[in-house]
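**Student:** Dumping the structure here so I can ask a few things about it.
The values are calculated or read from the model by the stated rules, or taken from the named source; none is laboratory data. What you see is a predicted model, and the numbers here were worked out from it, not measured in a lab. Cβ: placed from backbone, ideal geometry, glycine included. Neighbour counts: every protein chain shown.
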Amino acid sequence: METAEKNKILNQAFNLLKYTFVILPIAAGLDKFSNLLTNWEQYLNPVIAGLLPFPESTFMMIVGVIEIGAGIMVLKKPEIGGNIVAAWLMLIAISLITYLNYMDVAVRDVVMAISAFAMAQLAKIVNQN
């Protein structure tokens, strides 16, 4: 396979992952204000909820702002943003696992975290081309 063809495939894979991790965190973050996709508060670990000095809905809006920021960071600096999204998703997965609920969502978040990390690693190569 020619180097140009390999670079084309590499760039396609990178861009697919990059724009996935731009759009999805921003969409999920925006939805924390409307709950159109789901009631996000149901995923909040009760231990964390019990420690909050404000309503769970306020916490989810803060989470939404962080997610929107993470999506924008992926757009601007994918190597850094991808690692932020990966860490964020792993924290969510750990929270769900310790709560022993929504294990399917926890597994999905681990897979997405690995994908975000892979995208961040690919950014190192793609940005050199």
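**Student:** I'd like the full set of residues that are of a type in the set (Lys, Arg), without any contact (Cβ under 8 Å) to a residue 60 or more places away in the chain and in a helix (DSSP H, G or I), limited to region 3-32.
**Tutor:** 6, 8
**Student:** OK, next. Restricting to region 1-38, what's the tally of residues that are surrounded by fewer than 10 Cβ atoms within 10 Å (Cβ to Cβ) and at pLDDT below 95?
**Tutor:** Here the count works out to 5.
**Student:** What are the residues in region 75-100 that are polar (S, T, N, Q) and crowded, with 16+ Cβ neighbours inside 10 Å, if any?
**Tutor:** Answer for region 75-100, where residues must be polar (S, T, N, Q) and crowded, with 16+ Cβ neighbours inside 10 Å: 83, 95.
**Student:** When the residues of region 49-74 are narrowed to those that are touching a helix residue (DSSP H, G or I) at 6+ places or on another chain (Cβ under 7 Å), over 20 Å from residue 39 (Cα atoms) and not β-branched (Val, Ile, Thr), which ends up surrounded by the fewest Cβ atoms within 10 Å (Cβ to Cβ)?
**Tutor:** 73
**Student:** Residues to consider are 45, 83, 35; find the one that is polar (S, T, N, Q), touching a residue at least 12 places away in the same chain (Cβ under 8 Å) and over 30 Å from residue 127 (Cα atoms).
**Tutor:** It is 45.
Yes/no matrix, rows are residues, columns are (1) under 23 Å from residue 60 (Cα atoms); (2) β-branched (Val, Ile, Thr); (3) touching a Lys or Arg at 6+ places or on another chain (Cβ under 8 Å):
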{"residue": "84", "(1), (2), (3)": "yes, yes, no"}
{"residue": "101", "(1), (2), (3)": "yes, no, no"}
{"residue": "110", "(1), (2), (3)": "yes, yes, no"}
{"residue": "114", "(1), (2), (3)": "no, yes, no"}
{"residue": "118", "(1), (2), (3)": "no, no, no"}
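**Student:** For region 41-129, which helices (runs of 4 or more DSSP H) that fit wholly inside it have 1 or more residues that are among the β-branched types (Val, Ile, Thr) and closer than 14 Å to residue 25 by Cβ? Before you say what the answer is, go through the steps one by one.
**Tutor:** Numbers: elements: 46-51, 56-76, 78-99, 103-126.
Helices (runs of 4 or more DSSP H) meeting the threshold: 56-76, 78-99.
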